[in-house]
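Peer 1: Have a look at this one.
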Amino acid sequence: MQRAFNERFGAAAAQLGSDQYAVRIAGVYAMAGLADDWDAGRQRCIEVLCAVLRRTNTAQPTDDEPAETATESDREVRRAIARSIAERLRTTAAWQRCDYDFAGASFDFEVSFDAAAFAGGSVSFNNAQFTGTTSFDNAEFAGGHVSFSRARFTDGVMSFDRARFTGGTVSFNDAQFTGGTVSFYGAEFAGADVYFAGAKFTGTNVRLSLATVASGNISFRSAELTAGSIAFHSCEVTDGNLIFTDAQFYGGDLDFVGAEIKGGSVSFLRANFAGSNVLFMTAKITGGTLAFTNSTFAAGMVCFNNVKFSGSTVTFALAKFDGTTVLFNKADFASGTVGFMQSSFTGGHIGFDQALFRGSNITFFAATLTGGRVDLSKPKEWTRPPVFDRDYDPALILLPDFSPGLAASRI
């Protein structure tokens, strides 16, 4: 039996090395079929298929097949390999636990890993290039490590819609995204870690709309966004961590519109927002921690209009605002804390029009106001107003007509 497997392996490998397109395609299916049958040699067969996929434009032009046709033929062989592997990742448990090395490969064709399952092996797309549409919709990441580190994504679409991340890690560390869309629409995060540390997004739209985060980590530590957007529109965070430590935002939007944060943490430690908009309109922040500690805001907007704060901790401690518009219009401060301890404002505007100050601890302890304005003049409810621990220029703090003065709001 072993001899028969070895003979089949040799024949399939020879086909893959042929100059003839049809023979190479036959070799793809022969090698994949052998991997189906040969438990002991499955990983070996997969390694050969991956090696061929990593080699771009290896076919030599002939009198019968000019260079342009040879290039397309090579692409079709690589596409056939990707399709064969993806099909088995959907249906065959033994393939789902294997290792795959696509490092440096060029995915200049559309490929679907929809409903694929990654259950324990190591999958590397490191340094790969993606220019088409690559889909992992409804895929299951239940273990192992899938890495797109230093991969380059240009214009196309990378989609993980409704994918489930229940174990292992998925890494986009130091990846580069130029244009296009990265979508995790409706994805479920419950135990896995997804990393975008050091990734750079230029004119790219990253979508996590309607995603649910029940545990694990999604990290954009030291990531850089220039234009484009990162959107958690209507997502739900019940536990786990969203991490934006040291992230840099140059223009574009960070969108949590309609999100619900019930637990866990969303952290922007030392993040820098230069002309960017941070949008939490209509969000419900009913638990957990939302922290912008030591972050810097220059121009742009931070908007919490129509947000309900209840039982959560929101902090802008040591944050710096320079010419930024910060809005809490119609916000409902029901309970929990919202703090601007030691923050500084050198321009811009902080508005609380029609806000309900009724149960939260809102503090400006040791805050520095050297410009701009904090407008508290038109609250809807003033049961528990913000607290200041020092006197400020009255022109910088606008209080309601019925308030006897800033002293009434001091500790």
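Peer 1: Suppose the chain between Glu236 and Gln354 were pulled fully straight at 0.36 nm per residue; how much longer would it get relative to their current alpha carbon spacing? Please report the intermediate quantities before stating the final value.
Peer 2: On the way: separation 118, 0.36 × 118 = 42.48 nm, distance 2.63 nm.
Contour length minus Cα-Cα distance gives 39.9 nm.
Peer 1: Order these peptides, 174-185, 31-42, by their mean beta-carbon neighbour count within 10 angstrom, highest first.
Peer 2: Working: 174-185: 20.8, 31-42: 17.0.
Going from most to least packed, we get 174-185, 31-42.
Peer 1: Mind sorting out which of (i) 20; (ii) 35; (iii) 43 is the real percent of Cα pairs over 38 Å apart computed from the coordinates?
Peer 2: Working out percent of Cα pairs over 38 Å apart from the coordinates points to (ii).
Peer 1: Related question: Quick check on packing: order 112-122, 191-201 by the mean number of other C-beta atoms within 10 Å, highest mean leading. Before the final figure, lay out each step's value.
Peer 2: Details: 112-122: 19.4, 191-201: 22.3.
For the peptides 112-122, 191-201, the packing ranking is 191-201, 112-122.
Peer 1: Using 0.36 nm per residue, how much length does the chain from Thr92 to Met341 gain when fully extended, once their Cα-Cα distance is taken away?
Peer 2: 84.1 nm
Peer 1: With the crude spin-label approximation of a point 7 Å out along Cα→Cβ, what separation in nm comes out for Arg75 versus Ala14?
Peer 2: Placing both labels 7 Å along Cα→Cβ, they lie 3.1 nm apart.
Peer 1: Using a Förster radius of 25 Å, what is the FRET efficiency between Asn6 and Glu110 based on their Cβ-Cβ separation? Nearest 0.05, please.
Peer 2: 0.10
Peer 1: Counting only the backbone N, which residues of region 177-211 are under 19 Å from the spot 7 Å out from the Cα of Arg152 toward its beta-carbon?
Peer 2: Those under the cut-off are 177-182, 198-205.
Peer 1: Then there's this: Using just the helices of the chain, give the 222 nm mean residue ellipticity in deg cm²/dmol: DSSP H runs with n ≥ 4 each add -39,500 (n - 2.57), and the total is spread over all residues, rounded to 500.
Peer 2: Values: 5 runs with 74 residues, N = 411.
Rounded to the nearest 500, it is -6000 deg cm²/dmol.
Bear in mind these aren't lab numbers, they're just calculated from the coordinates by the rules spelled out. As the structure is a computational prediction, the values presented were derived from the model and not from experiment. Please note: Cβ atoms are built from the backbone with ideal geometry, for glycine as well, and neighbour counts cover all protein chains shown.
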